[in-house]
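Trainee: My questions will all concern the structure given below.
The values are calculated or read from the model by the stated rules, or taken from the named source; none is laboratory data. Nothing here was measured: the structure is a model prediction, and the numbers come from that model. A quick note on method: Cβ atoms are made from the backbone with ideal geometry, for glycine too, and the neighbour counts reach across all protein chains shown.
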Amino acid sequence: MAVISDLTQMLAQMRPRRHPGRYVFTTVTGAPPARVRPVMTFAEDEGLTLILRQDEADAAGLAYDLVTEWITLMVRSALDGVGLTAAVSGTLAAAGISANMVAATCHDHLFVPAGSAGEAVRLLEDLAGRHH
């Protein structure tokens with residue numbers, strides 16, 4: 001799959017895909033509990049941030065504040081591509097939907113409040129359609 005850096009092409013080809021389940025952000029100091037399988041981690045000064053399924057966090061007794069749903073933008077956007085995050089988060093912000101954006105090597109990922117993923121995907125598909 002070719003890496004895309006042009007904003008119009010990134011938007012036109014983003015193809016948002018919703019993952020099943022609910023996800024939370026939590027922080028641990030030291031190693032994460034053995035029984036959790038985070039989908040993403042990030043080392044911060046305060047500890048290791050984990051993004052994981054809500055049921056795994058609950059089973060491990062990990063605290064969290066917000067329950068989210070996970071959307072992946074299936075476009076293979078360049079890590080130095082300009083404007084995709086702004087366009088996506090701006091579109092969702094205009095609709096009153098918060099988005100925690102995470103960039104990985106192959107795709108960009110959004111975590112939106114639980115219950116808003118359907119509307120978020122619809123808005124992003126509409127945004128993509130305006131750039132075809």
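Trainee: So which residues in the stretch 101-122 are part of a helix (DSSP H, G or I) and either under 13 Å from the mean Cα position of the chain (by Cα) or crowded, with 18+ Cβ neighbours inside 10 Å (or both)?
Mentor: Result: Ala117, Ala120, Val121.
Trainee: Okay, next question. In the stretch 27-40, is there at least one residue being β-branched (Val, Ile, Thr), under 15 Å from the mean Cα position of the chain (by Cα), under 22 Å from Ala99 (Cβ atoms) and surrounded by 13 or more Cβ atoms within 10 Å (Cβ to Cβ)?
Mentor: Within the stretch 27-40 (the criterion being β-branched (Val, Ile, Thr), under 15 Å from the mean Cα position of the chain (by Cα), under 22 Å from Ala99 (Cβ atoms) and surrounded by 13 or more Cβ atoms within 10 Å (Cβ to Cβ)), the answer is yes, since at least one residue qualifies.
Trainee: Does Val82 meet the test of being under 15 Å from the mean Cα position of the chain (by Cα) and of a type in the set (Val, Ile, Thr)?
Mentor: Taking the combined requirement at face value, the residue does not satisfy it.
Trainee: Exactly one condition in (1) of a type outside the set (Val, Ile, Thr); (2) at pLDDT 95 or above; (3) outside any helix (DSSP H, G or I); (4) closer than 30 Å to Gly129 by Cβ is not met by Ala93; state its number.
Mentor: So Ala93 meets the others, but not (3).
Trainee: Name the residues in the stretch 5-37 that are part of a loop (DSSP other than H, G, I, E, B) and either in contact with a strand residue (DSSP E or B) (Cβ under 6 Å, 6 or more places away or on another chain) or of a type in the set (Gly, Ala, Ser) (or both), would you?
Mentor: Result: Ser5, Met14, His19, Gly21, Arg22, Thr29, Gly30, Ala31, Pro32, Ala34, Val36.
Trainee: Residues that are in contact with a Lys or Arg (Cβ under 6 Å, 6 or more places away or on another chain), aliphatic (A, V, I, L, M) and touching a residue at least 60 places away in the same chain (Cβ under 8 Å): does the stretch 48-67 have at least one?
Mentor: No, every residue in the stretch 48-67 fails to be in contact with a Lys or Arg (Cβ under 6 Å, 6 or more places away or on another chain), aliphatic (A, V, I, L, M) and touching a residue at least 60 places away in the same chain (Cβ under 8 Å).
Trainee: Further, regarding this structure: Could you pull out the residue among Leu7, Leu52 that is closer than 23 Å to Gly118 by Cα and either surrounded by 15 or more Cβ atoms within 10 Å (Cβ to Cβ) or among the hydrophobic types (A, V, I, L, M, F, W, C) (or both)?
Mentor: Only one candidate passes the filter, namely Leu52.
Trainee: Here's a check for you: in the stretch 61-84, which residue that is among the hydroxyl-bearing types (Ser, Thr, Tyr) and modelled with pLDDT of 95 or more is surrounded by the most Cβ atoms within 10 Å (Cβ to Cβ)?
Mentor: The extreme case among them is Thr68.
Trainee: Oh, and also: Just give me the residues in the stretch 78-105 being in contact (Cβ under 8 Å) with a residue 60 or more places away in the chain, over 19 Å from Leu50 (Cβ atoms) and in contact with a strand residue (DSSP E or B) (Cβ under 6 Å, 6 or more places away or on another chain), in sequence order.
Mentor: Within the stretch 78-105, Leu84 is the sole residue that qualifies.
Trainee: Any residue at all in the stretch 38-51 that's in a loop (DSSP other than H, G, I, E, B), in contact with a strand residue (DSSP E or B) (Cβ under 7 Å, 6 or more places away or on another chain) and farther than 19 Å from Leu110 by Cβ? Even if it seems obvious, please write down each step before you answer.
Mentor: Going through the stretch 38-51, the residues in a loop (DSSP other than H, G, I, E, B) turn out to be 38-39, 45-46.
Cutting the leftovers down to in contact with a strand residue (DSSP E or B) (Cβ under 7 Å, 6 or more places away or on another chain) gives us 38-39, 46.
Imposing the further condition that a residue be farther than 19 Å from Leu110 by Cβ reduces the set to 46.
Scanning the stretch 38-51, I find at least one residue that is in a loop (DSSP other than H, G, I, E, B), in contact with a strand residue (DSSP E or B) (Cβ under 7 Å, 6 or more places away or on another chain) and farther than 19 Å from Leu110 by Cβ, so the answer is yes.
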